[in-house]
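The values are calculated or read from the model by the stated rules, or taken from the named source; none is laboratory data. A quick note: this is a predicted structure, and the numbers were derived from the prediction, not measured. No Cβ is skipped: glycine too gets one built from the backbone with ideal geometry, and neighbour counts run over all protein chains shown. Side chains included, ligands, DNA and RNA excluded: accessible areas come from the protein's heavy atoms. Shrake-Rupley method; radii C 1.70, N 1.55, O 1.52, S 1.80 Å.
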Amino acid sequence: MNILVLSGSNAGSKTRIATTLLKEKLQRQYSGENIDYINLQDVTLPFSDGRNYMDYGGDATEVLTKIMEADVLFIGSPIFQASMPAPLKNVFDLLPQNALEDKTVSMLITAGSDKHFLIPEYNYKPVLSYLKANIVPRYVFILDTNFQDGKLQGDDVDMRLDRLIDDTMVLSRTYQDIRAEKDAQFGF
């Protein structure tokens, strides 16, 4: 199984800190799986202009190919101006319409205010749904107050990340089992 953790911002450190912790947890719990990590701070992506995702070249082709090859996608993102950051939306725009079909996608959101708690419901989930993702209903919402000295603090955050991993992997395996059962009905 290919698991990808995507840190979806090219600014700040909180989303990187949270997604790095998530990746480390995945590596401990699912060491037999192929786990990859992309931080948008480490790549240079062009703005989407409607071309096929393979035609962009460079970092874009590498990032988009890893997304397309992933079975499970954990998206980490901050909330900026009551919305997803432009670099993450650009990644979604670079992808083809059915890019996330048969992929299980979950979200880890960092924010400065709990007033933005429903932004993933009204901003992220419609985009992921349009791309045909199997979306994990629950997400982890982490406030600025959970970060101290460059680290995530609080047992509740740790437990919520563990639950996100469990929910995501159970949903992914369930979808895989159902697809395999359906495919077996055809007999070829």
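Summary of computed values
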| read-out | value |
| --- | --- |
| Relative packing of peptides 26-36, 73-83 - highest average C-beta neighbours within 10 Å first | 73-83, 26-36 |
| Where a label projected 7 Å from the Cα of Thr44 along Cα→Cβ would reach, residues of the stretch 61-75 with amide N under 16 Å | 61-63 |
| Set of the stretch 98-112 residues, backbone N closer than 16 Å to the point 7 Å along the Cα-Cβ line of Thr145 | 110-112 |
| Heavy-atom surface of the chain, accessible at 1.4 Å and reported per residue (Å²) | 51 |
| List Tyr37, Tyr122, ordered by accessible area with a 1.4 Å probe, largest first | Tyr122, Tyr37 |
| Calculated FRET efficiency for the pair Ala11/Asn123, C-beta based, R₀ 22 Å, to 0.05 | 0.80 |
| Residue-averaged 222 nm ellipticity for the chain, from DSSP H runs of 4+ at -39500 (n - 2.57), nearest 500 | -12500 deg cm²/dmol |
| Protein accessible area in the stretch 1-134, 1.4 Å probe - carbon and sulfur % | 46 |
| Reach of Lys23 by Cα under 19 Å, taken over lysines that are not fewer than 8 positions away in the same chain | Lys14, Lys66, Lys103, Lys151 |
| Cα-projected label distance for Asp158 with Gln81, points at 7 Å along beta-carbon direction, nm | 3.8 |
| Protein-only accessible surface order, largest first, of Thr110, Thr145 at 1.4 Å | Thr145, Thr110 |
| Length released on extending from Asp166 to Lys25, taking residue separation times 0.36 nm less the Cα-Cα span | 49.7 nm |
